[in-house]
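Shown next, in structure tokens, is the structure this report addresses.
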Amino acid sequence: MEKLLVLYSSRNGQTRKIIEAMQDEFSGYDVEVSDLHGSTRKNLSKYDKVLIGASVRYGHFHRDLYNFIHIHSEQLAAADASFFCVCLTARKPEKADPKNNAYIKKFLAKSPWRPRAIGVFAGALKYSEYNWWQTRIIQLIMKITGGSTDTSRDLEFTDWDKVRDFARQLAGKR
């Protein structure tokens, strides 16, 4: 059975939730899921495929993502390794395309790694989980970008069909 390593960097759990939705498409693989923040060193050659998913917060990926990539850049270059980004801007269709997504462009400019496949998924707006400062900052960002500033409810923008299609493509089921 082929081995698939799935690493994630998540702030409020949406990236992990996306990976959980993908796992149904990974039948036929021995899947290991690991929080990237606890995975400083991995032997990626033990896996047939590697998938890294990371969320954007306040316009940036977590620094642990870049640390992991720099430490493992040679292994990632040799591996069948893919990447996906979770961000609120992807709630707009044109921003959900990796070719048009500013965070993917910044990621590729900053990273020595070139993933085999790249996905972009809209995340969730979880006002109920933010502290007062986070709420105000995110409200400001949402106001600027035309998103919801209503703190009375959480919103999930993830396109689950798109998530499953990406997972099927990685698993070779397309």
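The values are calculated or read from the model by the stated rules, or taken from the named source; none is laboratory data. Computed from a prediction, not measured in an experiment: that's the story for all the values here. So basically every Cβ, Gly included, is an ideal-geometry build from the backbone, and we count neighbours across all protein chains shown. These area figures cover heavy atoms from the full protein model, side chains too; ligands, DNA and RNA do not enter into them. Shrake-Rupley method; radii C 1.70, N 1.55, O 1.52, S 1.80 Å.
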What distance in nm separates the two pseudo spin-label positions at Lys110 and Asp35, each 7 Å out from Cα along the beta-carbon direction? 2.1
What's the ranking of 133-146, 94-107 by average number of surrounding C-beta atoms within 10 Å, highest first? 94-107, 133-146
For the stretch 21-74, what number results from the quotient of the Cα radius of gyration and 2.2 N^0.38 Å? 1.26
Size of the stretch 93-167 along its principal axes in angstrom, Cα-based, largest extent first? 40, 29, 21
Residue-span extension gain [Leu140 to Asp48] - 0.36 nm each, minus C-alpha spacing: 28.8 nm
The rounded separation in angstrom of the Cα centers of the stretch 108-174 and the stretch 1-73 is 16
With a 1.4 Å probe and every protein chain kept in, tell me what percent of the accessible surface of the chain is carbon plus sulfur. 48
Using a 1.4 angstrom probe, figure out how much accessible area the chain has per residue, in square angstrom, rounded to the nearest whole. 51
Bins of 5 Å, beginning at zero and ending with the bin holding the largest distance: percent of Cα pairs per bin for the stretch 1-106, please. 2, 12, 23, 23, 21, 13, 5, 1
Just need log10 I(q)/I(0) for the stretch 1-42 at q = 0.15, 0.21, 0.23, 0.24 Å⁻¹, Debye formula, equal scatterers on the alpha-carbon atoms, no solvent, rounded to two decimals. -0.38, -0.69, -0.80, -0.85
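If I take R0 = 30 Å and measure r between the Cβ atoms of Asn67 and Ser128 in this structure, what FRET efficiency does the formula 1/(1 + (r/R0)^6) give, to the nearest 0.05?
On the way: r = 30 Å, r/R0 = 1.01.
Working from the Cβ atoms, E equals 0.50.
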Within straight cross-link reach of Lys110, meaning Cα distance under 17 Å, which lysines are found once same-chain residues fewer than 8 apart are removed? Lys99
In whole percent, the Cα-Cα distances of the stretch 47-174 spread across 5 Å bins from 0 upward as 2, 10, 19, 21, 18, 15, 9, 5, 2, 0
Straight distance only, please: which lysines reach the Cα of Lys3 with their own Cα at less than 21 Å, same-chain residues fewer than 8 apart left out? Lys17, Lys42, Lys46, Lys49, Lys173
